[in-house]
1. For segment 83-113, name all the residues that are under 10 Å from the mean Cα position of the chain (by Cα), more than 23 Å from ALA35 (Cα to Cα) and either part of a helix (DSSP H, G or I) or in contact (Cβ under 8 Å) with a residue 40 or more places away in the chain (or both).
2. Being under 17 Å from the mean Cα position of the chain (by Cα), not aliphatic (A, V, I, L, M) and not in a helix (DSSP H, G or I) is the filter here; which residues of segment 28-82 pass it?
3. Just one of the numbered conditions (1) at positive phi; (2) in contact (Cβ under 8 Å) with a residue 60 or more places away in the chain is not true of HIS22; which one?
4. If THR7 meets every condition in (1) loosely packed, with under 14 Cβ neighbours inside 10 Å; (2) polar (S, T, N, Q); (3) in contact (Cβ under 8 Å) with a residue 24 or more places away in the chain; (4) under 17 Å from ASN119 (Cα atoms) apart from one, which number is that one?
5. Inside segment 134-179, can you point out the residues that are farther than 25 Å from VAL20 by Cα and in a helix (DSSP H, G or I)?
Amino acid sequence: MQLIQQTPDLSAYLAPDEVVDHHHPLVRETAARIAAGVVDSYEYARAAFEFVRDTVPHSQDSGDLRVTWRASDVLEQRTGICYAKAHALAALLRAEDIPTALCYQKLDVVHGLVAVRFNGAWHRQDPRGNKPGVDAQFSLDGERLAFAPDPASNEMDYPVLYAAPHPVVLDALTAARDRPYLWQTLPTAL
């Protein structure tokens, strides 16, 4: 699948905003801790991916009722669904000047992931969190995502790379009073 930048301006994929708030002190502090143990940006990207995937439980898997959406809140509260975890990873990567996009799949509901830019190409990564039947890994040599869409079930990969969260996704997150409510209102398409 050919990934399509929403905007040709690569700097948009480095910019902070209210959601991907990589200027926040907690995001900066977390990024610095991760960066201290690596030698290059590729190792940093892998370490940041594994940090979000492995230390921020997916709230559905853990039973956490809280809904987070801002990257700094995800890191502080250590919980989030796929979208929130993607926001946290995007912030950590952008904090170290790695262009990062938000992207989506249409499964039963819309699923959120990120794409990182290395060596002139975009590479999708899924920090959702592993569990039985899900084994997402950081990879620049072929995708190792949590889920593969089933076209026979009307599932698909959306090819657009967004600089900011899609409004449908952000609206669902910010309107949810708790995760059970969010589960009732998850978007089924972009």
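1. If the condition is that a residue be under 10 Å from the mean Cα position of the chain (by Cα), more than 23 Å from ALA35 (Cα to Cα) and either part of a helix (DSSP H, G or I) or in contact (Cβ under 8 Å) with a residue 40 or more places away in the chain (or both), then TYR83, CYS103, TYR104, GLY112 are the ones that fit.
2. The answer is PRO57, HIS58, THR68, TRP69, ARG70, ARG78, THR79, GLY80.
3. With (1) at positive phi; (2) in contact (Cβ under 8 Å) with a residue 60 or more places away in the chain applied to HIS22, the lone miss is (1).
4. (4)
5. PRO151, ALA152, SER153 - these are the residues of segment 134-179 that are farther than 25 Å from VAL20 by Cα and in a helix (DSSP H, G or I).
Readers should treat all values here as calculations from the given coordinates under stated rules, not as data from a laboratory. Note that the coordinates shown come from a computational prediction; the quantities given were computed from them, not determined experimentally. Please note: Cβ atoms are built from the backbone with ideal geometry, for glycine as well, and neighbour counts cover all protein chains shown.
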